Ligand code: NA
Ligand code: NA
């Protein structure tokens, strides 16, 4: 379970993020904020729908059509944000036993697979949007055009692509020089570290996602223990 | 090479990628894409085949995510994040303690009821354990409870959140197997209650025979009744979600939104600030996008499976086995228990169900089989619901088993002087309780299928 | 060839089953048509996309699922066309699918129409006080999508969003007071069990659900297979009509068995309803379609003249 290999580089400070990295990070934060806001709005719209329908005989016209099209906002916009924070689940059984260069090679491999499939999906989902845009497509009930929601897929995946490219470069550098600081790259967590991250999420007590450029999960796990 | 061979090969590849630690959603999408390319290439040559596969795969993220039934997910997730701010944890624990403390092991029993109550506003097991570790464990330790019991009851109680609605994992199951979301949610309720009762039984037994779990009394009726109003928002949410599922005056999405709205108002009343609301929303958005990505990623792979005919073949294989169907199902459940030790519950379900579920249904006699003609004595629809609850219960069981039982690590993480080994050891009786619960649910499927049959 | 279908095997898909059977028989099994149910190859609303990509060779879809993907087909979904029965609907669809405007419309998706899945008029199954006159629909929450929803709005009904899967519960709980489906869907979604009245002749419209073929794949077929495919259409449709008749045979007894009251409106009332929801909506449709370059008037006249034959 132990992953001591991370301890050494973790404590030294990471180099300042590149301009591209900061721009992508900013875009990710903004998009996730939009996704978050859309969830709040969906909730309010649904409350309006129930209240309107049951008390005033005035349901929101085309509520299902609206909800479905709006879902693309929270289903996709945060996808790169989630990748940056290592939020897409994976199995760390084997990864957790690897150290140093081999570990970083495995991370390179993992990101490469995602890069390949995401590149293909950007292309494919763009055509899905293009068909809706050129031939026309609208929803079943109140005929909302579907292209605005379809275009969100290639758009969000493109931001993810940028994030993956940045991670690819960073992991490659780590392969060449495993003593480099790992910065805010997602890395394997043992169960205790994973738990620490879950605890932070449960209490919403860190807003590192929005501000700090270099969250340090190991330290925050330790801080967690001291705090509690 | 036939489509079926490609299906097997790609499934092997997917397994390898997942074990190597490629993020599950993308590993599945990658394999599905490669597999579809291979199948189309056989028919129309490589280049056209690849483009057709890529364009086909490109339709899936949007078409599969933009589905009304899935819109319930963020509302359920949001309720859970806001519930902590609404101060519901403390209130629930306080009320349960005052009402149930006099029982043998009363504080632990109170904790089980409080976690069950919190489960009615939260769909996340680990988060439930985390918040109660902070509220309940220090008090239990103060009253002379053993560390192991105090920690274990919180770890185990947390697992109730996935059974008792709202539950994100039940929604995901319902969508994957194309069953009614409302029915799955209703189905989780009684098994949750059975789990609670079995936990209570085990606690009382341990309190009597092992000690380390004193009862605490001395609360007056006035004090008890005073503790009730604090839990009203929870009761409100339970009423909203249940009555809307039961009477159907609101869809699950609408019910989840109403519930979230009630908790939101309560949280604001308790002093939650706008900044905290947005933190909760950010977390909700992150978890939501993770789940959606997982769903469409795996559905790219499932689309490929449809072309390869693999689910049909697995169905044929399973039904041709010369063992009693119930034994095969138990073997499958055991396989889930092992898999769950190493994998996240949602990831595990999403990856395996497309192949396993049709096989289970075939074992019972088909999707449309009537209860009378079925092998297991359940209609096709009832069997789908039954299997979902059992599988989710199995997946939850893995949260309290070594080596990576997350709830135990979370409890230990929140409680500085309780080592995780102690939490695991303390969980042994609860593990036994859970196995007992699964056995009861297998023996008496009506506990699962009765409530949903009413709607 | 692969066929993309959604849902289970049902009366609505029996002509495709029959088509596969006939084609296999006519080609001694050389030409295999494999049916994939449950949206395994594509979601219903994306079937045209799948056809355009060549991901499968045959697909069924309903024009109303995505009006803008197939504007020319929406003519048969106009309210009060007065198609008397499914046999006539088959004739109308055949004439319509042969029209260059429709062929051009579908050719954008690399699709060519093969045969129709004729659907009877939708009608309302409702719970509570039965609307004795068309005016009684005022303020009533109804599940009616697209064109039928627009038609109902003209008499003051309130179209309310409910998914088909939730229709039973929505009706039972009063979320909506009436639901418009074709009879087979009322049977499938069990709305009959929740409802207490049925409109026999309101006929606010229906949907058009063609079965289409990928053009490139068709062009690549050997002539014998092309012929086998085309010759199989008529037997397939005959089989469909026979199966659908059997559904009808079940529908009315089921209404009786569930104690559902059957309501018929007088000719004057229907005329008044048609006055409001017929011509004005047709005219609005013609204007809208003309804007899209569809010869709307011509299509409407084609439908009417074919029906008169
Ligand atoms: Na729950
Ligand atoms: Na686990």
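Just so it is clear, none of the values below were taken in a lab; they were calculated from the coordinates. Not measured: the values here are computed from a predicted model. Glycine gets a Cβ as well: all are built from the backbone with ideal geometry, and neighbour counts include every protein chain shown.
The table that follows gives values for the structure above.
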| read-out | value |
| --- | --- |
| Pairwise label distance in nanometres, residue A:58 with residue C:231, each label 7 Å out on the Cα-Cβ vector | 6.4 nm |
| Rounded tilt (10° steps) of B:274-308 against the dominant C-alpha axis of chain B | 30 degrees |
| For chain C, alpha-carbon Rg and Dmax in angstrom | 19.5, 60 |
| Rounded FRET efficiency, nearest 0.05, which uses the C-beta distance separating residue C:34 from residue C:301 and R0 of 45 Å | 0.70 |
| FRET efficiency, residue B:417 to residue C:275 (Cβ-Cβ, R0 60 Å, nearest 0.05) | 0.15 |
| FRET efficiency estimate (nearest 0.05) - Cβ-Cβ, residue A:94 to residue B:326, R0 35 angstrom | 0.55 |
| The protein assembly as shown - share of DSSP beta bridges that are antiparallel (%, nearest 5) | 55 percent |
| Antiparallel bridge percentage (DSSP; both residues within chain C; nearest 5) | 55 percent |
| Between the range C:109-125 and the range A:143-190, the alpha-carbon center distance in angstrom | 45 Å |
| Mean ellipticity per residue at 222 nm, deg cm²/dmol - from DSSP H runs of n ≥ 4 across chain C, formula -39500 (n - 2.57) | -13500 deg cm²/dmol |
| Nearest 10 degrees, 0 to 90: helix B:88-100 Cα axis against chain B principal axis | 60 degrees |
| Contour excess over end-to-end distance, with Cα ends at residue B:193 and residue B:246 and 0.36 nm allotted per residue | 17.3 nm |
| Inter-label distance for residue A:37 and residue A:179, nm, one decimal - labels placed 7 Å from Cα along Cα-to-Cβ | 4.7 nm |
| Over chain C, relative contact order from alpha-carbon pairs under 8 Å, at least 6 apart, % | 27 percent |
| Fully extended contour minus Cα-Cα distance, from residue C:129 to residue C:223, at 0.36 nm per residue | 27.9 nm |
| Compactness of the range C:1-81 as Cα Rg over 2.2 N^0.38 Å, two decimals | 1.21 |
| Three-way shape label, the range B:363-437, alpha-carbon gyration tensor, a/c 1.5 | prolate |
| Estimated translational D of the protein assembly as shown in µm²/s (Stokes, Kirkwood radius over Cα pairs; 25 °C; 0.890 mPa s) | 82 µm²/s |
| The range C:265-309: C-alpha gyration tensor shape, a/c 1.5 cut-off, then a/b vs b/c | oblate |
| For the range A:18-52 and the range B:1-72, distance of Cα centres in Å | 29 Å |
| 0 to 90° range, to nearest 10: angle between helix C:233-257 axis and chain C longest Cα axis | 20 degrees |
| Cα-based equivalent ellipsoid of the range B:206-247: semi-axis lengths in Å, sorted from largest, via gyration tensor | 33, 18, 7 |
| Quotient of C-alpha Rg and 2.2 N^0.38 Å, computed over the range A:88-195 | 1.45 |
| Peptides B:30-43, B:232-245 ordered by average Cβ neighbours within 10 Å, highest first | B:30-43, B:232-245 |
| Mean residue ellipticity (222 nm) of chain B, computed from DSSP H runs ≥ 4 via -39,500 (n - 2.57), nearest 500 | -25500 deg cm²/dmol |
| Average beta-carbon neighbours from other chains, 10 Å sphere, peptide B:73-82 | 3 |
| Separation between Cα centres of the range B:247-295 and the range A:113-128, rounded to whole Å | 31 Å |
| Residues of the range A:99-133 with amide N under 14 Å of the 7 Å Cα→Cβ point at residue B:19 | none |
